[in-house]
Amino acid sequence: MAAEATGEWRGWRAAAEAALYGPDGFYRRPEGPAGHFRTSVHASPLFAGAVARLLCRVDEALGRPDALDLVDMAAGRGELVTGVLAALPAEVAARTRAYAVELAGRPETLDHRIEWLPEPPPRVTGLLFANEWLDNVPLEVVEVDSAGVPRLVLVRRDGTERLGEPVAGAEAEWLARWWPPARAAEGMRAEIGLPRDEAWAGAVSAVGRGLAVAVDYAHTATTRPPFGTLTGFREGRETAPVPDGSCDITAHVALDACALPGARLLSQRDALRTLGITGARPSLELATTRPAEYVRALATAGEAAELTATGGLGDFGWLVQSVGIPDVLAD
Ligand SMILES: C[S@@+](CC[C@H](N)C(=O)[O-])C[C@H]1O[C@@H](n2cnc3c(N)ncnc32)[C@H](O)[C@@H]1O
């Protein structure tokens, strides 16, 4: 009988894989990710505008090819790629081949110019952009037992947990290399990012020339949280992570471990500033001379502030990997 039916104990990786992407998985639901949480893509069209400007920089660096690829990796319902196409100058849009890579089905009303694929097209010449993908790549969770040994955390469909075997092999090596504090004290937890490293390396390998960017809530070697970050989301609220298909299951991303040689890691705040989003308020003088424009500018400034907020989206990491082109996000 299937593990889902029996409530069998499994590692978090297999449990979350089934809960998110199985036939009745959370990401198969009709409402899509936007029904449960807000990413930068949903927070403001300014985000798609910034990605459009990034694509234009990549286009310049590539020497304005006849066909410029834009890959929205883990596209949700295709909201980002749709917004980027709308924000591009007409001449660039006309040369752009737009792809949405997604495990869920194609929305019926999606722009016909966007090709919907289950994995990235080969030999991308352009930009592959993955917003909040890697945090949803399932991984194992480990906890240090009373003898100081990190053990796999096993979970049942109802979310109850117990400790399993000591972590071994490539997972133990990853832990020692990237999350050594997990060895420290009983009860400490870590999330083994190996499947994310592999997923990101696979996505980058699809880029023949251009840029790959992964954006996610992240931690690095000096900021790993001692008890991990595994959590759930449902209808806009954070919940306990229960692997029964009823909620999102997510954990922050060790983006430093995902980084391939030559990659650069910067905050969303810094990346968006480079792309022209600062969150600066309009001048008060505008309020008296052109009030309608002032109100519009104020709303835009509010959205920019959300995208760049300390303690919020601005702290997200941008892992930037140039492939055969110069760094187009340099100040
Ligand atoms: C948190 S949502 C992000 C959606 C969108 N990028 C955004 O920022 O609003 C994560 C999405 O990743 C998709 N996903 C997860 N693994 C994937 C994979 N290997 N290939 C394509 N899509 C994937 C899920 O189906 C889900 O729609």
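Can you tell me which residue among A305, A330, A301 is open to solvent by less than 60 Å² (accessible area, probe 1.4 Å), closer than 21 Å to D270 by Cα and touching a Lys or Arg at 6+ places or on another chain (Cβ under 8 Å)?
Details: A305 fails: touching a Lys or Arg at 6+ places or on another chain (Cβ under 8 Å); A330 fails: touching a Lys or Arg at 6+ places or on another chain (Cβ under 8 Å).
Going through A305, A330, A301 in turn, the sole match is A301.
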Among the candidates V58, V41, single out the residue that is of a type in the set (A, V, I, L, M, F, W, C) and either more than 19 Å from F316 (Cβ to Cβ) or modelled with pLDDT under 95 (or both). V58
Residues of segment 198-220 being assigned to a helix (DSSP H, G or I) and open to solvent by 10 Å² or more (accessible area, probe 1.4 Å), in sequence order, are E198, A199, A201, G202, V204, S205
From T239, T250, T223, grab the single residue that is among the polar types (S, T, N, Q) and surrounded by 21 or more Cβ atoms within 10 Å (Cβ to Cβ). T250
In segment 18-65, anything assigned to a helix (DSSP H, G or I), within 12 Å of the ligand (Cβ to nearest atom) and farther than 29 Å from E8 by Cα is listed as A34, G35, S40, V41, H42, A43, F47, A48, V51
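For segment 216-238, which positions are in contact with a Cys (Cβ under 8 Å, 6 or more places away or on another chain) and modelled with pLDDT under 95?
F233, R234
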Which pairs turn up if I take residues in segment 63-81 that are closer than 18 Å to G49 by Cα and look for partners that are away from the ligand (no atom under 16 Å from the Cβ) and among the polar types (S, T, N, Q) with beta carbon separation below 6 Å, at least 6 apart in sequence or on another chain? L68/T96; D69/T125; L70/T96
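What residue, among those in segment 122-140 that are charged (D, E, K, R) and in a loop (DSSP other than H, G, I, E, B), is farthest from the ligand (Cβ to nearest atom)?
Just the residues of segment 122-140 that are charged (D, E, K, R), to begin with: 123, 132, 135, 140.
Imposing the further condition that a residue be in a loop (DSSP other than H, G, I, E, B) reduces the set to 123, 132.
On the way: R123: 18, E132: 4 Å.
Selected residue: R123.
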For the condition modelled with pLDDT of 95 or more, in a strand (DSSP E or B) and within 16 Å of the ligand (Cβ to nearest atom), what is the one hit in L319, L272, L265? L319
Out of segment 90-119, which residues are open to solvent by 70 Å² or more (accessible area, probe 1.4 Å) and not in a strand (DSSP E or B)? A90, E91, A94, L103, R106, E108, T109, H112, R113, P118, E119
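The values are calculated or read from the model by the stated rules, or taken from the named source; none is laboratory data. Since the structure is predicted, the reported quantities are computational estimates derived from the model, not experimental observations. Because the Cβ atoms are built from the backbone with ideal geometry, glycine has one as well, and the counts that use them run over all protein chains shown. Just the protein is used for accessible areas: all its heavy atoms, side chains included, with ligands, DNA and RNA removed. Shrake-Rupley method; radii C 1.70, N 1.55, O 1.52, S 1.80 Å.
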